[in-house]
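Below is one structure, written out as structure tokens, with a few remarks after it.
Where a number appears in this text, it was derived from the coordinates with a stated rule and is not lab data. Small disclaimer: the values here were computed from a predicted structure and weren't measured. Here the Cβ is made from the backbone with ideal geometry for all residues, glycine too, and neighbour counts use every protein chain on show.
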């Protein structure tokens, strides 16, 4: 059976992997597919890109305390992603997305299975990172209390 320290290391590594995939995915959509990001997409990038860096450092240093710094970034980014997704999927909110900027925030570049859009993917990434960081904080507190 793995020790809690090893589980924390795996959680940090997993969160970093999610942040890295999300960062590379956003760059793929904008640089390869030439999708112009809307204003809310930029806001989500502002919170995801630093997560890829801070979680990489936390993983290499095996520093569970970084969870205290990454959790707020992840929660705020998740809020932006949820709001963006709601602009796309809730009809009475979608009219607000039209005034977002050059690209309307309610525009869906991708729509897989009728609900998977870019903001949905961002929300999922932020959610996974947030849950892992809450688990890391909880587990590291239990470890120090013993």
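Miscellaneous remarks
- Unique match (being out of contact with any helix residue (DSSP H, G or I) (no Cβ under 6 Å at 6 or more places or on another chain), farther than 28 Å from residue 138 by Cβ and surrounded by fewer than 19 Cβ atoms within 10 Å (Cβ to Cβ)) among 104, 91: 91
- Residue in the stretch 11-22 that is closer than 17 Å to residue 109 by Cβ and surrounded by 13 or more Cβ atoms within 10 Å (Cβ to Cβ) present: yes
- Between 70, 54, 59, the distinction of being crowded, with 17+ Cβ neighbours inside 10 Å, out of contact with any strand residue (DSSP E or B) (no Cβ under 8 Å at 6 or more places or on another chain) and without any contact (Cβ under 8 Å) to a residue 24 or more places away in the chain belongs to 54 only.
- Single unsatisfied condition, residue 44 versus (1) within 20 Å of residue 137 (Cβ to Cβ); (2) buried (at least 18 other Cβ atoms within 10 Å of the Cβ); (3) touching a residue at least 24 places away in the same chain (Cβ under 8 Å): (1)
- For residue 34, the conditions (1) surrounded by fewer than 19 Cβ atoms within 10 Å (Cβ to Cβ); (2) under 15 Å from residue 130 (Cβ atoms) are fulfilled apart from (2).
- Residues that are part of a loop (DSSP other than H, G, I, E, B) and in contact (Cβ under 8 Å) with a residue 60 or more places away in the chain were ranked within the stretch 12-41; the one that is nearest to residue 102 (Cα to Cα) is 38.
- Scope the stretch 113-134; condition under 19 Å from residue 88 (Cα atoms), in a helix (DSSP H, G or I) and either out of contact with any helix residue (DSSP H, G or I) (no Cβ under 9 Å at 6 or more places or on another chain) or touching a residue at least 40 places away in the same chain (Cβ under 8 Å) (or both); matching residues: 118, 119, 121, 122, 123, 125, 126, 127
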